[in-house]
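The values are calculated or read from the model by the stated rules, or taken from the named source; none is laboratory data. Since we're looking at a predicted model, the values are computed, not measured. Don't worry about glycine lacking a Cβ; one is built from the backbone with ideal geometry, like all the others, and counts go over all protein chains shown.
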């Protein structure tokens, strides 16, 4: 850990940062559903702050394409579309293929063992009809691989893209057959890592992300029509 990272960890978040995190979480989890109008005064009252950090947070969220500013209406939670899903999955595939290739050369025995445990824990959750832990297990699986890659940039970019799909991941991974398909993809990725075969790694990551893309689109049709 370098000096800048130590300073960032030790420095308490500002009000501006806290407000941004609160609003971002509301959007990513679906608490603020697509199409919801975000009113500065009301949000400031809910968070117990002034309008300035709320306005700054909304502007930052607009740059992330999580909200959009509509003339004479204000800020509205942006609805993710089919093109967004295609783009995010395509970028994730490229990033996570690279992360997995690098991880295959650097991953520790403890990290590999934990990936295997995640597979088993997910299978148990599906078998017992309690899929509530699956979203956290899925997140941990991809985080382990990104950390094993040794690239801080890949960690940040991968996490950001997964967060943009968070609402659909929460909805989708709560369904047993979707969770099972995701777990199948994870198993293929682990086997490819063990073999240190770059072509097999690309194939496994592509298979997993393509299935994810299909499942997300299925949820979009079901939820939004």
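Checking 121, 130, 86, 136 one by one, the residue that is within 24 Å of residue 29 (Cβ to Cβ), in the same structural domain as residue 207 (by TED's automatic domain parsing) and in contact (Cβ under 8 Å) with a residue 24 or more places away in the chain is 86 and no other.
Taking residues in segment 15-31 that are over 15 Å from residue 170 (Cβ atoms), and partners anywhere that are surrounded by fewer than 18 Cβ atoms within 10 Å (Cβ to Cβ) and modelled with pLDDT of 85 or more, the pairs with Cβ atoms closer than 7 Å and at least 6 places apart or on different chains are 15/49; 16/56; 19/47; 19/49; 20/60; 22/47. Within segment 37-54, restricting attention to residues that are buried (at least 16 other Cβ atoms within 10 Å of the Cβ) and either out of contact with any strand residue (DSSP E or B) (no Cβ under 7 Å at 6 or more places or on another chain) or touching a residue at least 40 places away in the same chain (Cβ under 8 Å) (or both), the residue that is farthest from residue 166 (Cα to Cα) is 49. Among the candidates 99, 57, the residue that is under 17 Å from the mean Cα position of the chain (by Cα) and modelled with pLDDT of 85 or more is uniquely 99.
Of the residues in segment 88-110, none is buried (at least 17 other Cβ atoms within 10 Å of the Cβ), in a loop (DSSP other than H, G, I, E, B) and in contact with a strand residue (DSSP E or B) (Cβ under 6 Å, 6 or more places away or on another chain).
Output yes when any residue across segment 85-103 is over 30 Å from residue 188 (Cβ atoms) and touching a helix residue (DSSP H, G or I) at 6+ places or on another chain (Cβ under 6 Å), and no when none is. Looking through segment 85-103, none of the residues is over 30 Å from residue 188 (Cβ atoms) and touching a helix residue (DSSP H, G or I) at 6+ places or on another chain (Cβ under 6 Å).
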